[in-house]
1. Can you pull out the residues in segment A:33-92 that are assigned to a helix (DSSP H, G or I), open to solvent by 30 Å² or more (accessible area, probe 1.4 Å) and among the charged types (D, E, K, R)?
2. Tally the residues that are in contact (Cβ under 8 Å) with a residue 60 or more places away in the chain and β-branched (Val, Ile, Thr), restricting the search to segment A:259-283.
3. Answer yes or no as to whether residue B:106 is within 30 Å of residue B:256 (Cα to Cα) and open to solvent by 20 Å² or more (accessible area, probe 1.4 Å).
4. Take the residues in segment B:171-202 that are under 26 Å from residue B:390 (Cβ atoms) and under 18 Å from the mean Cα position of the chain (by Cα); name whichever of them is farthest from the other protein chains (Cβ to nearest Cβ).
5. Evaluate segment B:45-67: report whether one residue or more is outside any loop (DSSP other than H, G, I, E, B), of a type in the set (Lys, Arg) and under 30 Å from residue B:16 (Cβ atoms).
6. Using beta carbons and a limit of 7 Å, which pairs, at least six apart or on different chains, have the first residue in segment A:338-367 and touching a residue at least 12 places away in the same chain (Cβ under 8 Å) and the second one of a type in the set (Gly, Ala, Ser) and open to solvent by 50 Å² or more (accessible area, probe 1.4 Å)?
7. Could you tell me whether any residue of segment B:182-193 is assigned by TED's automatic domain parsing to the domain that holds residue B:14, under 30 Å from residue B:46 (Cα atoms) and modelled with pLDDT of 90 or more?
8. Of all residues in segment B:361-407, how many are assigned to a helix (DSSP H, G or I) and either open to solvent by less than 40 Å² (accessible area, probe 1.4 Å) or more than 14 Å from every other protein chain (Cβ to nearest Cβ) (or both)?
Amino acid sequence: MRKITAYLTIIAFFGILAGCALLGIVLPDAQSSLAENRTLTARPVNDLSDLEALTENWNNYAVDQFPMRERLLSVYSALELMQGKRFSRNTYVTSDGWLLTFPYALTDSSLQNLVSALEGAAGRTGVPFVYALLPQKNDMLSGLAEPYLDAGNTLSNRTRLLDAIASASGVTAADVSGDFLELYGEDEAERMYFRTDFHWNALGAFRAAESIASELAREGIISEADVPREDDFEWRDLTGEAEYMGDLNRRFSNLLSTGEFIPYYSVKNTERIEYYTSVDDSVKVERSEIVSRGLGGKELNYNTLFTDNLGYFRVINPDARSDKHVLILKDSYQNPTTDYFTELFSEVDIIDPRAYKDIPLQELVEARDIDAVILMFHQENVSSELIGFLNG
Amino acid sequence: MGLGSIIFLYGFCPAFFLIYYLLPKRFRNAALLLFSLAFYAWGDPYCICVLIASAAVNFLLGRLLSGDRSARTRKCIFAAGCCFNILLLGVFKYTGFIFRTVCSALGIERTAPVLPLPMGISFYTFQAVSFLADAYRRRIKAGPVGFSLYMMMFPRVMQGPLMRYEDLAPQLDARTVDAERVAGGIFRFVIGLAKKVLIADVLGTVSAGLGAVPDTVAGAWLGLAAYTLQLYFDFSGYTDMALGLGGMMGFTFPENFRYPYCSRSISDFWRRWHITLGAWFRDYVYFPLGGSRTTKPKLVRNLLIVWLLTGLWHGAGWTFVIWGLFHGVVICIEKLAGLEKRKIPSGVRHIVCMFLVMFGWVPFRSAGVGEMSAYFARMFGAGAVGAVDSTALLYLHDYLPLILIAAVGCTPLVSKLCSRLGEKRPALAGALRCAATVLLLLLCTVFLVNSTYQPQLYARF
């Protein structure tokens with residue numbers, strides 16, 4: 001009997017080692033990891049000039065291209081969740097299945113760079129700048145992860161960023177985060193954010209857009225009567241119609257519930273609205289290529305439900321409430337507000353500085369005859385790409 | 001390449017054992033040497049020259065020592081060999097430390113030269129000194145392949161266990177490889193892998209996540225507890241892997257750990273922790289200095305020299321000197337006061353011993369004396385932002401079960417239960433061992449592809 005179990009152990013051990021090694025050789029290399037949202041190491045080129053780098057690359061390659069790695073990552077996530085861990089894959093997991101990210105503190109130098117870039121850009125372009133501080137999920141819902149998540153950084157980020165923007169001449173701060181904290185409790189906030197995504201849902205984004213529009217009216221950029229209200233849009237509840245694949249859930253191989261509350265709004269009449277991905281009229285695209293690409297499908301995510309993170313696109317709406325032409329510089333928190341601003345402004349140019357390097361800001365403002373620049377970034381995002389773009 | 005890395009497990013291991021088992025016995029040592037060189041070259045491609053040079057010089061000196069020469073000549077050869085090895089270790093490991101210390105003493109601001117630290121240099125240098133000392137005393141002889149394997153064999157080259165050439169030599173000539181021995185080696189290897197990957201690396205995220213100096217009292221104690229367990233599971237896991245691989249090839253290497261965290265005094269701790277290093281210092285430093293059969297002042301001197309060297313062996317820094325001397329002083333007190341022989345409840349002995357061991361790990365883990373002082377201060381509330389914060393609470397919530405499992409794993413409880421089961425139900429015990437081997441291997445693979453693997457802590461010494 002001892003011999004039998006000994007032989008079984010040997011066969012199983014070497015069988016697993018050799019089997020996986022052979023599969024690794026036979027199976028084609030994977031390009032990227034969905035769970036980790038990164039490109040996987042490709043087969044190294046045997047460059048003998050740097051042996052340390054060569055062996056390191058092969059080590060990484062062996063890990064990244066391990067057979068069925070994505071499934072093994074899923075098993076790892078399942079084990080983490082089964083243990084009831086509150087922090088895994090750099091994400092807080094609450095007992096109710098809410099996922100929150102790690103709160104980072106903004107640095108003083110990044111704030112100083114932002115202020116100086118904003119002042120410079122506002123001065124050069126000569127148009128009003130409105131910087132909207134958008135409430136990041138942690139801002140409103142960090143209480144869900146108490147006592148394991150310290151909201152200190154998140155809260156101080158808001159006040160520090162607000163103070164910094166207020167000190168920038170030629171720039172108005174729209175404190176949407178402050179409005180949210182004042183108006184909505186945690187229960188209401190829970191309806192405005194996706195449970196398993198980094199972002200808010202259409203309801204949260206809509207409330208934020210209203211808050212920004214009110215600030216624009218206070219600044220005289222639009223009139224109070226122009227501010228669109230809820231019933232100016234077509235609202236739908238997509239809950240149950242599609243699974244929502246939250247970007248934080250992806251870190252856990254979508255093991256958490258994909259049955260999210262999915263409110264959705266759109267402009268009522270889209271017939272006369274035009275979309276372009278070029279500064280001139282050369283590249284006209286369909287609305288369905290830009291807005292809500294995944295609508296009607298069985299799976300939705302933040303990008304397919306709203307607009308994607310395109311470097312540049314612009315919208316023309318002859319039936320808009322205001323004849324103003326605005327430029328929005330934004331991060332992904334802006335995406336669900338595109339239709340709101342389409343309803344409000346006759347022309348909206350939208351730039352994601354992470355993916356746009358073509359025409360400098362001042363040139364663009366002059367060429368497109370921009371009336372105001374709106375910056376929409378969540379409050380933990382003082383992006384170096386934005387600062388670079390503002391500095392021209 | 002670490003013994004617990006994916007490339008070793010799923011590349012090196014199957015390739016090596018396939019060739020090793022297929023080859024006739026007389027070629028196995030040569031194959032083992034070639035694979036050992038490849039293993040080392042993969043992990044440290046440039047410093048393999050240092051290892052080969054060290055092996056070559058020590059082999060030649062060993063040949064000279066084993067020849068028919070006058071006592072004076074042999075003494076000179078031995079002294080030259082010791083100087084060579086100390087110089088080799090000194091140049092690669094201590095140049096920066098000595099440079100910084102001298103500059104600091106003279107008040108000069110200069111950047112210390114940075115030399116690469118060859119992988120396992122502390123281990124293979126001690127192996128070489130051990131060989132020369134034994135060749136000098138007993139005129140032992142070694143062949144080139146046998147001696148090279150003694151110095152470079154891949155399971156042992158990075159972190160030991162240290163052993164005498166005389167203990168390895170008979171196994172190089174004749175060793176048995178049968179199914180039970182190989183299966184036993186596999187089981188031991190996988191247990192070691194699990195200790196490293198499933199426990200040590202995970203606890204490493206706790207001690208690292210809480211920071212070099214945690215903000216709160218709870219964080220400081222939790223971080224220290226996690227580090228204490230991490231260090232044991234990391235190093236003893238490596239030793240299990242080395243012993244397991246040895247077993248799979250038919251070798252028997254000496255044990256390095258015997259439940260050190262069950263010790264009842266620091267002297268007892270060092271009879272259980274890194275046993276082969278303790279034996280090396282005992283045989284080649286402590287006894288030659290006069291050992292314990294001498295006057296009390298000389299005993300204290302001998303102990304402090306041994307522990308100063310033990311500290312320095314572990315790292316080139318003042319924190320390691322402090323750690324070594326701390327253990328030396330405690331052992332002196334234990335010996336002079338005869339504490340081990342006094343009637344003190346074993347529970348009290350154990351608790352005091354564990355606190356002393358844990359206090360010792362503070363300088364051991366700290367990057368500098370300042371960090372060490374701050375850590376000690378934080379443990380007792382000085383400079384802390386509070387008793388507990390969200391980070392400490394989070395780690396406590398997420399890792400307390402693992403810490404408790406690890407704490408139980410430090411005791412012989414599981415081993416005793418397995419032995420008892422093996423005596424009463426051998427068939428069931430065998431089947432469970434087989435199932436555990438497969439399950440733990442797969443689980444370790446899941447953790448390893450999740451990129452949680454970290455190089456062994458002891459490898460940096």
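The values are calculated or read from the model by the stated rules, or taken from the named source; none is laboratory data. In this text, all values refer to a predicted model and were calculated from it rather than measured experimentally. With ideal geometry, Cβ positions are generated from the backbone for all residues, glycine too; neighbour counts draw on all protein chains shown. Calculation scope for accessible area: heavy atoms of the full protein, side chains included, ligands and nucleic acids excluded. Shrake-Rupley method; radii C 1.70, N 1.55, O 1.52, S 1.80 Å.
1. Across segment A:33-92, the qualifying residues are A:52, A:56, A:70, A:71.
2. The first filter runs over segment A:259-283 and keeps only residues in contact (Cβ under 8 Å) with a residue 60 or more places away in the chain, leaving A:260-267, A:273, A:279.
Now drop any that are not β-branched (Val, Ile, Thr), which leaves A:262, A:267, A:273, A:279.
Residues that pass the stated criteria total 4.
3. Working: within 30 Å of residue B:256 (Cα to Cα): no; open to solvent by 20 Å² or more (accessible area, probe 1.4 Å): yes.
Criteria not met by residue B:106.
4. Only one residue tops the list, namely B:200.
5. Step one: list which residues in segment B:45-67 are outside any loop (DSSP other than H, G, I, E, B), which gives B:48-66.
Within this subset, residues satisfying the condition of being of a type in the set (Lys, Arg) are B:63.
If we keep only those that are under 30 Å from residue B:16 (Cβ atoms) too, we end up with B:63.
Yes, segment B:45-67 contains at least one residue that is outside any loop (DSSP other than H, G, I, E, B), of a type in the set (Lys, Arg) and under 30 Å from residue B:16 (Cβ atoms).
6. Qualifying pairs under 7 Å: A:360/A:392; A:361/A:392; A:362/A:392.
7. For segment B:182-193, residues assigned by TED's automatic domain parsing to the domain that holds residue B:14, under 30 Å from residue B:46 (Cα atoms) and modelled with pLDDT of 90 or more: absent.
8. The initial filter retains those residues of segment B:361-407 that are assigned to a helix (DSSP H, G or I), namely B:361-365, B:369-379, B:390-407.
Still in the running and either open to solvent by less than 40 Å² (accessible area, probe 1.4 Å) or more than 14 Å from every other protein chain (Cβ to nearest Cβ) (or both): B:361-365, B:369-379, B:390, B:392, B:394-395, B:398-399, B:402-403, B:406-407.
Total meeting the criteria: 26.
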